[in-house]
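We did not get these values from a lab; they are worked out from the coordinates using the rules stated. The structure displayed is predicted, hence computed values, not measured ones. Glycine gets a Cβ as well: all are built from the backbone with ideal geometry, and neighbour counts include every protein chain shown.
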Amino acid sequence: MNGPTARILRICTARWSVTILTVLIVVLRKSDSLIHPQFWAEDGGLFFIEAERYGGWGQLFQSYEGYLHLLPRLIAALGAWLPLPLVPAFYAWNALAVTGVMAWWLQSPRVAVSVGGGMVAALALAAVPHTGEVYLNICNLQWITALGLFALTLSADATCPKERLSDLSLLILTGLTGPFILLTLPLFLWRVFSRRSAWSVTLFLAAIACAAAHAPSLLAHHSETFPQPWAPVHHAAIIGRRVIATLFLGQISLPEILCTVLCLGGFTALVLALWRRRAKLPGGLIVLCAAVLVLASTAYKVRPDLWTLSELVNGDRYFFIPKVIVLWLLAAVAASSLPRARLALTCLIILPLAANISRFIFTPAADQNWAVACAAISRGQPVWVPILPEGTNILHPGRRP
């Protein structure tokens, strides 16, 4: 078979292969969450309990922490119909399925038109060094789905009803899951002015509608205040330590000045490389902008400049997206470089795996005895249910309504 049909078949085969590999890597790294599934944080204390008490369908558009969580609440609503012992497993398997969908989307040829590197972006989604807290739970799905939302801002215009439905479905589900739709508004606006197409306008208007849906809860929500003045140099050091150093050097201890240099130097090098290739990678700088917007919003919400350089676990989810994007952009730059530079960048992309190989597979969590809690609930007894992270408990009133 030759010609366009053979090429399409090769692309689809490669795309499916990478998607399956991405899913298998997540399973390998955190198999305990599928073999012995347990609630993680808001999975149990928010989504499960509220679906139990109030009925999941009525809670779909209920806000928490100032924004909506459509996808987790949808999964929780469906899980409320299942026998109690199966609910944590249902959450974990659905989170895995969503991860697979995002891996598939990141490889879309329509995204590759603007930036490329989709294969590495999909694999980085599963293999990037971090604590694993974003995997196989529904409360942290927003960090996975945000990458698909960012990719959507770069994609070529939809040309058929199937592509239009796919784009709008992705936009609505991800736009109403977490606050990231607010960060993408300037990116969708950039798309309107750079493409000047009717579909870009449609996506921008849909993004505005999704952002507006968060507005009432955002305006009513009062964020934690931090009286300490912002420390920009230390903040840059934290980013250099948690993103660049962790990726390429592992968890070795580094002085603050070196971490700051890694942050500023790494950012400058990426900007220069993407600027030189702006004709080949027109969306490269936009992807980098997405990472910067995530880090900026993190600075507003949790003030990482108040953390110490030795802290590598607290809030690791806030650095997950920037780390994936760094590897994504390195792959895009490598693909558009001369052979020698491509070889050096390929080695750099592989380095995070070598530097963090001892922490590649996550330590299994302690069993919180969900089966014991299920038995008490079925007898109608109110029970405090231990969940993950360890030391967390939720109160179930007993007997499902």
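Rounded to whole Å and sorted largest first, list the principal axis extents of the Cα atoms in the chain.
Principal extents (Cα only, largest first): 68, 54, 46 Å.
For the stretch 1-102, what is one quarter of the convex hull surface built on the Cα atoms, given in nm²?
Details: hull surface 35.7 nm².
Average projection, Cα convex hull of the stretch 1-102: 8.9 nm².
In nanometres, what is the gap between the two model label sites at Val113 and Ala156, each 7 Å from Cα along Cα-to-Cβ?
Taking the two extended label points, one gets 0.4 nm.
Compute the label zone of Arg399 within the stretch 361-382: residues whose backbone N is under 14 Å from the point 7 Å along Cα-to-Cβ.
Only 376-382 fall inside the zone, counting backbone N under 14 Å.
Can you work out the FRET efficiency for the pair Ser31 and Leu78, with r the C-beta to C-beta distance and R0 = 22 Å, to the nearest 0.05?
Taking R0 as 22 Å, the efficiency between Ser31 and Leu78 is 0.40.
Which listed residue (Tyr300, Pro88, Thr153) has the Cα farthest towards the positive end of the charge dipole for the chain, taking +1 on Lys and Arg C-beta and -1 on Asp and Glu C-beta about the Cα centre?
Looking along the dipole axis, the top candidate is Thr153.
Expressed as a rounded percentage, what relative contact order does the stretch 134-215 have, with Cα pairs under 8 Å and six or more residues apart? Each step should come with its number before you reach the end.
Numbers: 67 pairs, mean separation 25.9, N = 82.
RCO, the stretch 134-215: 32 percent.
Need one number: nm distance between label points at Ala354 and Glu256, each 7 Å from Cα along Cα→Cβ, rounded to one decimal.
For the pair Ala354/Glu256, the computed spacing is 3.2 nm.
Just to check I understand the Karplus step: with θ = phi - 60° and J = 6.51 cos²θ - 1.76 cosθ + 1.60, what whole-Hz values come out for the stretch 343-355, glycine and proline as x?
Rounded to whole hertz, the list is 5, 5, 5, 4, 4, 5, 5, 7, 3, x, 5, 5, 6.
Just order 120-127, 12-19 by mean Cβ neighbour count inside 10 Å, highest at the front, would you?
Details: 120-127: 25.4, 12-19: 14.9.
Final packing ranking: 120-127, 12-19.
Based on C-alpha coordinates, I'd like the Rg and Dmax of the stretch 323-395, in Å.
23.0, 68
Where does the stretch 253-314 land on Rg/Rh, using Cα atoms and the Kirkwood Rh?
Working: Rg = 14.3 Å, Rh = 13.5 Å.
Across the stretch 253-314, the Cα-based Rg/Rh ratio is 1.06.
Residue-wise, which Karplus ³J(HN,Hα) couplings in Hz belong to the stretch 138-144, taking 6.51 cos²θ - 1.76 cosθ + 1.60, θ = phi - 60°, and x for glycine or proline?
Values per residue, Gly and Pro as x: 8, 6, 9, 4, 4, 6, 6 Hz.
Order these peptides, 293-299, 59-65, 144-150, by their mean beta-carbon neighbour count within 10 angstrom, highest first. Could the numbers behind the result be given before it?
On the way: 293-299: 18.1, 59-65: 15.7, 144-150: 25.4.
Packing proxy ranking, top to bottom: 144-150, 293-299, 59-65.
If the chain between Trp384 and Ala344 were fully stretched, how many nm would it gain, using 0.36 nm times the residue separation less the Cα-Cα distance? All intermediate terms of the calculation are to be shown ahead of the outcome.
Details: separation 40, 0.36 × 40 = 14.40 nm, distance 5.39 nm.
That works out to 9.0 nm of additional length.
What does a probe at Val192 reach in the stretch 294-312, counting residues whose amide N is under 15 Å from the point 7 Å along Cα→Cβ?
Zone members listed by number: none at all.
Say R0 is 35 Å: what FRET efficiency, to the nearest 0.05, do Thr13 and Thr131 get from their beta-carbon distance?
Details: r = 33 Å, r/R0 = 0.96.
E(calc), rounded to 0.05, equals 0.55.
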